1. Quickly estimate the mean residue ellipticity at 222 nm for the chain, helices only: each DSSP H run with n ≥ 4 gives -39500 (n - 2.57), and the total goes over all residues, rounded to 500.
2. Stretched out fully, how many nm does the piece from Asp66 to Lys43 gain, at 0.36 nm a residue minus the Cα gap?
3. Let me check against my output: what whole-number percent is the relative contact order of the chain, with C-alpha pairs under 8 Å and at least 6 apart?
4. Determine the share of the chain's accessible area contributed by carbon and sulfur atoms, expressed in whole percent, with a 1.4 angstrom probe.
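The values are calculated or read from the model by the stated rules, or taken from the named source; none is laboratory data. Quick caveat, the model's predicted, so the values are computed rather than measured. Surface areas here come from the heavy atoms of the whole protein model, side chains and all, with no ligands, DNA or RNA. Shrake-Rupley method; radii C 1.70, N 1.55, O 1.52, S 1.80 Å.
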Amino acid sequence: MSNYIQIGFTKKTHGIGGELKVVVEEPYEDIFLEADRVFLEIKGVKQPYFIKSIRGGGDLIVLFEDVANREEALTL
């Protein structure tokens, strides 16, 4: 059984390309920036999402693999 730690949360979409604004608690920022995937809880189920790119400061702007547009990002 895996243990999960909540390190932050998603906010809203950014643009039309599927990017999301993400808030990561400061103690976990370095780990998040080096991670290749994170687990997002969607309707009570934790699902892996692979990180394609991260940019920005403060609120990070993240693009996940297999999230190609704003509509798909809205579900996250």
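1. -3000 deg cm²/dmol
2. That works out to 6.4 nm of additional length.
3. It rounds to 34 percent for the chain.
4. Numbers: 2720 of 5480 Å².
Roughly 50 percent, rounded to a whole number.
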